[in-house]
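The values are calculated or read from the model by the stated rules, or taken from the named source; none is laboratory data. On a predicted model such as this, the values are computed, not experimentally measured, just so you know. Cβ placement follows ideal geometry from the backbone for every residue including glycine, while neighbour counts extend to all protein chains displayed.
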Amino acid sequence: MASTQTTDLDTAAGSAAAATDTRDHGPAAHDRIEPYVWKIAGVVILGMIMSILDTTIVNVALRTLGHDLHSSISQIQWVVTGYLLSLAAVIPVTGWAARRFGAKRVYMTSLVLFTAGSALCAVAASTTSLVLFRVLQGAGGGMIMPVGQLIMAQVAGPQRMGRVMGIVSMPAMLAPILGPVVGGTILQNLHWSWIFLVNLPIGAIAFVLAWRMLPHTDSGEAGRLDVLGLALLSTASTTLVYGLSQLGTHSSLTAPIVVWPIAIALVLSSVFVWHALRVERPLLDVRLYANRVFGAASLTTFGLGAALFGAMILVPLYYQEVRHESVIVTGLLVGPQGLGMLLVMPLTGRLTQRFGGGRVALGGVLILCLATIPLAFVGAGTSIAFISLVLLIRGVGIGFSFMPAMTAAFSALRPDQLSDATPQLNVLQRIGGAIGTAVLAVVLQRATGHALIKPASAFQSAYWWSVGICVLSLIPCVVLLRAENPHARLSRAAANAEAAAEPLGV
C-alpha cells in the first residue's frame, strides 16, 4: 500500500518532477485508486486549505490591520513576512520529524499548532503580538502541506501518485483566487479577527478526521537533526528581512539599524554554508548548487517567490488606498492573477515534456515581466477591466514559470538527491517571498511618506521595483536554458515523436 522508498516527505512535495511524464500508461488494475485513498485525500486537503489560504487571505486585510493596530506599511507587512519566514524555517525539519515521530503524529501536531496560532492571532492587541502569533501559526502551517503530501504519496504508491497529487495540489492552485475573496468577505461583514477565527472549527474537524482516518506509516530512519544549521539559517533569513524592513522608517541606507542586521545575516549565511559542507547530513545540502541546472532553477524559484508574494501586497493596497474600493470588491479584483495561474497549470506538464523546463520557464518569466510593466503606469482612473486583464496575464506567466523551473531542477538530479532538493526549492521560494514583500513594502512606505508624491505614484514606484525583480529572474532562466542536460533533451525528443500525433492540450 505505502511506498517505502519515499522516506522523506519533501520528496512528495516534489510532485513537479512527475510533470516530466504526463503520458497515460494504461488502465492497469493496480493503478485503480480505491475509495479509501480518496477519503484520506479529503482529510489531507481539508488541512491544506487552511494553511494555504492563510498565505493569501491576510493580504486584503493589511490596510485594516495597519489602521486598527496603528502601524505603518513597513511594520504591518511583518504579518505576511513573519508567516512566510516561519514556513521556510520548518520545511527542512518536517522530513526528519515525520521519520522520527511518524507522519500522522506530525500532521496532527501541525494542525494543533496552526489552530492554536490562529486563535492567538484573533486576540492579538498589537502588531508585535500578532506577528509572533503568525510565526506560531506558520510553524504549524508550514508542516501541514508537505506532511500531507507524504501521507498521500505513501498511501497512493508510485503508480498512482501523479493523479492523486494532482487533486491534492488543487488547494495550492485555488488559494490565490479564494484567499482574497474569503478575506474580503469576512472583513466586509465582521471584525478582522474572524479571518483567523474561521480556522478554529475547520482545524478541529480536520484534527478529529485525521485521528480517526489517517493511517500510521513507516517513514524510515530519522537520523540526527542539524540543529546548528537550522539556527543559522533561520536567524540569517530573519535578520536579513528585518534589516531590509528598517529602510522604510530610516532615511539613510547606512543607518546602523539597517546595515548591521544585513551584515550579520550575510555572515551567518556564510557560516551556514561552511557548516553544511562539513557535516554528514546538513539541514540543506549546498553541494547541490554545483549542478548548474539546479543552481539556476533555484535562483529562478527565489526570484519568482519575490515577484509573486511581493506584488501580492501591492494590488489590494492599491485598490483600497487609491481606488477606495471595499474589501470584498478588492478581494474579487485580486482574483484574476490566481485565475491565470489556474488556467495554465494543466498545460505546464505537457509543455515542459515537449520543450524542456528551461524554455517554458524563460517564456513564463518573460510574460511575467511584460505583464508587470503596465502596472507601473496605473493611476487613480485606470480601467479596472484593463488591470484585471494584466493581472490575468501575469498569472499566466507565473503559472508557466514555477512548475517548469522545479521540473528542470529535479530532472538534473539523481533520485537519491530529490529529498534534499525539494525542501531547498521550497525554502528559497518562501524566503524570496519574504524578502520581496519586505522590499516592496519599504519602497511603498518611503514613496507614500514623500510629501510631493501622490498615492498612485507611490504604487507606480513600487511596481517598477517589482518589474526589476522580474527582470533579475530572467538571468538564471537563461542560465537554466543553456545548462539543461542534453541527454534530457534527447529523451524528450523521443517522447515528442510519440506526442506529435496528438494535439497540445489538457
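Among the candidates A371, A380, single out the residue that is among the hydrophobic types (A, V, I, L, M, F, W, C), touching a residue at least 40 places away in the same chain (Cβ under 8 Å), in contact with a Lys or Arg (Cβ under 8 Å, 6 or more places away or on another chain) and more than 17 Å from V479 (Cβ to Cβ).
On the way: A371 fails: touching a residue at least 40 places away in the same chain (Cβ under 8 Å).
None of the others qualify; the one that does is A380.
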- Query: Among G449, G468, which is closer than 28 Å to T239 by Cα, at pLDDT below 85, surrounded by fewer than 17 Cβ atoms within 10 Å (Cβ to Cβ) and not aromatic (F, W, Y)?
  - Reply: G449
- Any helices (runs of 4 or more DSSP H) falling wholly within segment 89-174 and containing at least 3 residues that are among the aliphatic types (A, V, I, L, M) and either at pLDDT below 85 or touching a strand residue (DSSP E or B) at 6+ places or on another chain (Cβ under 8 Å) (or both): 127-156, 161-168
- Please work out which residue is farthest from T239 (Cα to Cα), limiting yourself to segment 77-122 and to residues that are crowded, with 23+ Cβ neighbours inside 10 Å and touching a Phe, Trp or Tyr at 6+ places or on another chain (Cβ under 6 Å). L111
- Query: Among the numbered criteria (1) over 21 Å from the mean Cα position of the chain (by Cα); (2) modelled with pLDDT under 80, which single criterion is violated by T185?
  - Reply: (2)
- Query: Residues of segment 273-301 being buried (at least 24 other Cβ atoms within 10 Å of the Cβ) and closer than 26 Å to L440 by Cβ, which ones?
  - Reply: A296, A297, S298, T300, T301
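Could you say which residue among G66, G102, G82, G117 is of a type in the set (G, A, S) and closer than 17 Å to G433 by Cβ?
Values: G66 fails: closer than 17 Å to G433 by Cβ; G102 fails: closer than 17 Å to G433 by Cβ; G117 fails: closer than 17 Å to G433 by Cβ.
The unique qualifying residue is G82.
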- Task: Mind listing whichever residues of segment 332-391 are of a type in the set (S, T, N, Q) and at pLDDT below 90?
- Result: Q337, T348, T352, Q353
- Among the numbered conditions (1) at pLDDT 90 or above; (2) touching a helix residue (DSSP H, G or I) at 6+ places or on another chain (Cβ under 9 Å); (3) among the β-branched types (V, I, T), tell me where V208 comes up short. (2)
- Query: How many residues does segment 61-74 contain that are in contact with a Gly (Cβ under 9 Å, 6 or more places away or on another chain) and either surrounded by fewer than 20 Cβ atoms within 10 Å (Cβ to Cβ) or on the phi > 0 side of the Ramachandran plot (or both)?
  - Reply: 1
- Hey, does segment 290-304 have a residue that's assigned by TED's automatic domain parsing to the domain that holds W465, in contact with an Asp or Glu (Cβ under 7 Å, 6 or more places away or on another chain) and in contact (Cβ under 8 Å) with a residue 12 or more places away in the chain? yes
- Cross-chain or 6+ apart pairs with Cβ under 7 Å, segment 175-195 first and outside the structural domain of G338 (by TED's automatic domain parsing) and farther than 17 Å from L317 by Cα, then hydroxyl-bearing (S, T, Y) and crowded, with 17+ Cβ neighbours inside 10 Å: A175/T55; A175/T56
- Message: So if I check each of L232, L244, which one is at pLDDT 90 or above, outside the structural domain of K39 (by TED's automatic domain parsing) and either under 25 Å from F101 (Cα atoms) or not hydroxyl-bearing (S, T, Y) (or both)?
- Response: L232
- Message: Taking the criterion of being buried (at least 18 other Cβ atoms within 10 Å of the Cβ), among the basic types (K, R) and either more than 19 Å from the chain's Cα centre (by Cα) or more than 28 Å from G142 (Cα to Cα) (or both), would at least one residue in segment 413-431 satisfy it?
- Response: no
